[in-house]
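Take a look at the structure below.
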Amino acid sequence: MWGYIVRRLLTGILVLFGVVTIVFFSLQLAPGDPISMLIPAEAGGGANPEIVAALKAKYGLDRPVVVQYLIYLKNLARLDLGRSISTDRPVGEALLARYPATLELTVCGLLVAVLIALPVGIISAVRQNSVIDNISRVLALATTSIPSFWLGLLLMLLFSLQLRWLPASGRAGALWSWDGLKHIIMPAVTLGAMATGILMRLVRSAMLEVLRADYLNTARAKGLRERTVIYRHALRNALIPVITVLGLQVGTLLGGTVVIETVFAWPGIGRYVIWGIMAKDFPVVQGAVLALTLGFVIVNILVDVIYCAVDPRVTYS
Amino acid sequence: MRYSRWASVFVVSLVLLLGLLVPAMAQVRGGTLVIAYQSNTVPEPDPQVTRNIGAQWVAEMIADPLLRYDNATESFVPVLATSWDISEDGLHYTFHLREGVLFHNGVTLTAEAVAKSYERIRDAANPLAGAGLLSPVDTIEVLDPLTIRLNMKSVFPDFLSNMDRLWILEPGSFTNPPAGSYVVGCGPFRIVPAEYKIDQSMVLEKFAQYWAGEPYLDKIQIRIIPDMATALIELEQGTVDVVQYGSGKDLPRLEALGMQPIIFGRVNWANVVINLSHVTDVRLRKAIMYAVDQQALIDGAYGGLGDPMYRMGYPGTWLENTKVGAAYDPEEAKRILDEAGWKDTNKDGIREIDGKEIDLYFPTRNQAEWVAATQMIQQMLREVGIGTHITMAERMPFYDQVRTGDYDIAWWLSNDSAEPPIALYTWDMREYWCVHQAKTPVLQLLIEQAESELDRDTRSAYYQEIQRILIEEAYAAPGMWNKQVHVMGPKAHGMLVASTGIAYNSHLWWKG
């Protein structure tokens with residue numbers, strides 16, 4: 001097993017290297033000059049060529065792109081992600097400060113998705129073509145197709161403005177505190193909705209397939225209760241493809257934080273990367289994408305390991 | 001009779017006295033004002049490195065400049081300087097500083113501190129955001145502990161306009177800062193280090209020894225809320241007291257809810273800028289200029305916030321050239337295009353030049369009002385037979401696209417300094433944001449002469465000539481003098497906003 005994990009880690013490092021390289025050069029190709037952020041157009045002039053040249057030299061932007069890339073790689077090897085051009089602060093520090101918030105939101109979003117998708121998917125399969133099944137179909141369609149920023153605003157209007165039950169935005173304290181919990185409910189539900197529909201449909205179809213299997217008839221013939229048949233025999237097998245998709249959904253949710261964190265003023269990496277892109281702040285975008293990719297790679301390695309553990313047909317080879 | 005007369009006098013006096021006292025009593029001490037800040041990080045704790053107007057709000061709470069431009073009186077008013085003298089040749093500015101001003105760490109303000117603050121900003125090896133504002137300065141002299149002189153490289157009569165964004169800090173706080181500390185200003189509020197969370201919010205607490213009087217508020221919290229819709233929901237919910245840069249379209253609804261708009265603007269402007277190296281024919285440029293319906297843009301895209309702009313000089317000021325102007329006149333636009341021989345031969349609504357349809361590249365910024373204005377202008381141009389195609393980009397890529405010339409026409413909002421009151425910097429070839437993409441030596445000479453002339457009448461003549469050229473050559477289509485708005489909740493009071501949008505006098509803000 002350890003050999004397998006090491007191989008997967010090495011592959012992960014290659015993926016990270018590829019992402020770093022692609023992001024670096026695609027940012028160079030994108031229009032715009034990061035120095036412009038330091039001399040806002042709205043501020044009404046006052047910048048002459050000498051000042052612009054000095055600022056470019058300060059951030060090494062006056063060097064050839066390849067040299068900038070090699071310097072970036074060299075610094076990256078020392079875990080130095082550079083300094084934000086906009087704030088002149090270390091990107092690594094900013095990412096470390098924001099990663100817990102993104103992780104917290106992603107995990108809670110995933111939890112929401114699983115807590116809704118799993119029971120609804122099972123019931124839909126067990127009671128195929130019933131009213132519940134039809135409602136779940138509509139729910140899956142709605143959660144998949146509603147834009148998350150719109151859903152977020154709707155929730156905010158209802159629960160913050162009308163009912164005044166939940167705070168509209170921000171993050172407060174530890175998740176296990178009442179205040180912290182109140183702040184994460186709406187962002188987590190909005191984020192979780194992105195994955196709920198897909199998971200719900202997947203659980204349903206996987207369950208339907210398993211429920212038709214011969215070994216379940218055998219279990220029933222042995223006189224086992226229907227509940228035991230479904231939860232002990234059917235569900236465990238149906239979950240195998242769900243776990244794989246769950247791993248991939250982590251990537252979707254990590255990407256989804258970009259919008260959710262902006263709408264709910266959640267202080268995570270998603271909002272940081274959006275800001276970096278808008279400001280064309282190279283080190284911020286590179287660092288944030290690297291951090292998000294790292295999270296995705298780690299989760300998928302974990303999923304692969306769990307997958308092997310859950311499904312005896314899959315081996316560590 | 002006598003008793004009753006004295007009684008009447010007493011009652012009248014009492015009423016008058018109460019009348020005088022009530023407004024003062026109404027100002028409540030204490031409380032925390034929450035400001036929604038539309039960014040992704042809180043403003044820098046160092047006022048001298050702030051780079052945008054939103055962050056400069058906060059800079060203004062932490063530190064003071066030497067002077068400030070006052071919209072109401074249209075003049076410069078003292079802040080840390082009590083007075084100033086400008087030499088007759090315009091090359092020396094002497095500032096007399098206020099006595100007894102304390103920085104937040106207890107150190108007293110001196111001319112030395114001002115000099116070191118300015119030297120830090122303009123350090124050639126590490127220029128800070130305000131370096132350009134100090135670029136006209138040659139040397140800085142400390143004459144005595146409360147007098148400082150700035151010697152100019154050349155005459156620059158508008159230098160005072162640059163000074164209200166040059167905040168003074170205590171030099172010890174930026175030369176040898178203790179670990180974990182922030183720079184120190186002498187403004188009405190100071191940063192609470194433990195509550196400075198770069199990704200969430202920052203808290204400022206009142207500085208009771210502020211030279212202009214103890215602030216009414218105990219604290220000001222700056223909360224990051226990047227999304228305007230979210231910020232407005234929080235304002236309605238009462239969890240936020242002030243929202244920066246609201247939309248004119250939201251105003252009627254917000255006012256009905258008891259919110260208080262603060263509308264501001266002076267030389268905040270919007271034009272259809274024209275790439276002169278692409279749109280070389282003055283007749284086409286003039287047709288564009290006359291086709292733009294300024295009032296429709298203001299009403300349709302900006303909720304009525306703004307005034308039509310007919311020329312680049314601000315209306316009613318000393319340099320406005322009322323003899324020239326470009327008001328909406330689509331018939332004139334069509335006449336110019338007809339006269340040029342550019343007809344719509346295939347009857348698709350777009351005219352052709354040398355057999356090729358007019359199709360101007362019209363990029364825009366991905367922001368609701370900006371996009372609405374661009375689409376409206378596209379329709380206005382189409383009505384006179386000028387075709388355009390629009391692309392959309394985020395803020396900085398769009399700005400850079402226009403700056404580097406990847407456009408034919410573009411809707412461009414910006415603001416110049418309060419003095420001189422003219423929308424001009426995008427034509428100044430020395431500027432980073434000079435966007436018109438052509439060498440215009442005559443215009444440049446006039447700009448440089450106007451900015452280095454002391455006599456106001458002569459300057460006015462230069463600026464009037466500049467306006468004449470801009471209109472006659474149709475270097476841009478004047479759009480609007482845009483007004484912007486900050487929105488205060490019903491409990492916030494006393495906020496004044498400069499023409500740039502920076503709120504000041506925070507020691508007089510209060511929450512009822």
Assign one of three labels to the stretch B:353-413, namely rounded, prolate or oblate, based on the Cα gyration tensor with a ≥ b ≥ c the square roots of its eigenvalues; rounded applies when a/c is under 1.5, prolate when it is not and a/b is larger than b/c, and oblate otherwise.
oblate
Charge-dipole axis of the stretch B:268-482 as Lys and Arg at +1 and Asp and Glu at -1 on Cβ define it, positive-most pick from B:Val402, B:Gln464, B:Gly355
B:Gly355
Among residues other than A:Leu14 whose Cβ falls under 13 Å from its Cβ, what is the net charge (Lys/Arg +1, Asp/Glu -1)?
+2
Tell me which chymotrypsin sites (Phe, Trp or Tyr not before Pro) from the stretch B:175-253 have a DSSP coil assignment and no more than 15 other beta carbons within 10 Å of their own.
B:Tyr245
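Considering only the other residues whose Cβ falls under 15 Å of the Cβ of B:Gln260, what net charge follows from Lys and Arg at +1 and Asp and Glu at -1? Could the numbers behind the result be given before it?
Details: positive: B:Arg253, B:Lys491, B:Lys511; negative: B:Glu236, B:Asp241, B:Asp250, B:Glu255.
Value of the local net charge: -1.
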Cα long-axis angle, helix A:65-77 against chain A (0 to 90 degrees, to the nearest 10)
60
Please give, to one decimal in nm, the separation of the simple spin-label points placed at A:Leu157 and A:Asn134, each 7 Å out from Cα toward the Cβ.
2.8
What order do you get for B:His92, A:His183 when you list them from fewest to most C-beta neighbours inside 10 Å?
B:His92, A:His183
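Pull out the extension gain between A:Leu166 and A:Ala221, defined as 0.36 nm times the separation in residues minus the alpha carbon to alpha carbon distance; nm, one decimal.
Working: separation 55, 0.36 × 55 = 19.80 nm, distance 5.08 nm.
Residue separation times 0.36 nm, minus the Cα-Cα distance, leaves 14.7 nm.
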So what's the angle, to the nearest 10 degrees on a 0 to 90 scale, between helix A:178-211 and the longest Cα principal axis of chain A?
50
Chain A: relative contact order as a whole-number percent, Cα under 8 Å and 6+ apart
26
Here the whole-number average of other chain Cβ atoms within 10 Å per Cβ of A:232-240 is 0
Most exposed to least, judged by fewest other Cβ atoms within 10 Å, A:Lys182, B:Lys153 sort to B:Lys153, A:Lys182
Considering the dipole of the protein assembly as shown built from charges on the beta carbon (Lys and Arg +1, Asp and Glu -1) around the Cα centre, which of B:Val107, A:Val305, B:Gln38 is farthest to its positive end?
A:Val305
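Do the sum for chain A: with -39,500 (n - 2.57) for every DSSP H run of n ≥ 4, divided by all residues, what is the mean residue ellipticity at 222 nm, to the nearest 500 deg cm²/dmol?
Details: 12 runs with 225 residues, N = 317.
The per-residue figure over chain A is -24000 deg cm²/dmol.
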Apply the a/c threshold of 1.5 to the C-alpha gyration tensor of the stretch B:64-172 and tell me whether it is rounded, prolate or oblate.
rounded
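With only Lys, Arg, Asp and Glu charged, each at its Cβ (+1 for the first two, -1 for the last two), find how big the charge dipole of chain B is about the Cα centre; round to the nearest 20 debye. Before the final figure, lay out the partial values.
Values: 43 positive and 64 negative charges, 272 e Å.
Dipole magnitude for chain B comes out near 1300 debye.
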Output the 0 to 90 degree angle, nearest 10, between the alpha-carbon long axis of helix A:91-126 and the longest principal axis computed from the alpha carbons of chain A.
20
Which of A:Leu79, A:Leu175, A:Leu118 fluctuates most in a GNM of chain A (C-alpha springs under 10 Å)? That residue is A:Leu79
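Kindly state, to the nearest 0.05, the FRET efficiency for B:Thr82 paired with B:Tyr245, given R0 = 30 Å and r defined as their beta-carbon distance.
Numbers: r = 33 Å, r/R0 = 1.11.
E between B:Thr82 and B:Tyr245, to the nearest 0.05, is 0.35.
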Taking the Cα centre of the stretch B:64-172 as origin, work out the dipole magnitude from +1 charges on Lys and Arg Cβ and -1 charges on Asp and Glu Cβ, in debye rounded to 20.
300
Neighbouring Cβ atoms within 10 Å as the yardstick, rank B:Phe362, B:Phe398 fewest first.
B:Phe362, B:Phe398
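Filter the DSSP H helices in chain B by two things, a Kyte-Doolittle mean of at least -0.5 and an axial alpha-carbon span of 30 angstrom or more, and list the hits by number. Kindly include the intermediate steps, with their values, before the conclusion.
Working: long enough: B:2-26 (35 Å, 1.53).
Correct list, ordered by number: B:2-26.
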Using a simple spin-label model with points 7 Å from Cα along the Cα→Cβ vector, what separation in nm is obtained for B:Ala194 and A:Trp178?
2.3
Shape call for the stretch B:393-451 from the C-alpha gyration tensor, a ≥ b ≥ c root eigenvalues: rounded (a/c under 1.5), prolate (a/b greater than b/c) or oblate?
oblate
What are the aspartates and glutamates whose alpha-carbon lies under 12 Å from the alpha-carbon of B:Lys334, with same-chain residues fewer than 8 places away excluded?
B:Asp344, B:Glu383
Taking beta carbons within 10 Å but only from partner chains, what does the mean come to for residues A:170-180?
1
Among the listed pairs A:Lys56/B:Lys439; B:Lys323/B:Lys439; A:Lys56/B:Lys219; B:Lys483/B:Lys511, those beyond 28 Å (Cα-Cα)
A:Lys56/B:Lys219
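Bear in mind that the values in this text are calculations on the coordinates, not laboratory data. Bear in mind that the values here come from a model prediction, so they are computed numbers and not experimental data. Reconstructed Cβ throughout: ideal geometry from the backbone, glycine too, with neighbour counts over all protein chains shown.
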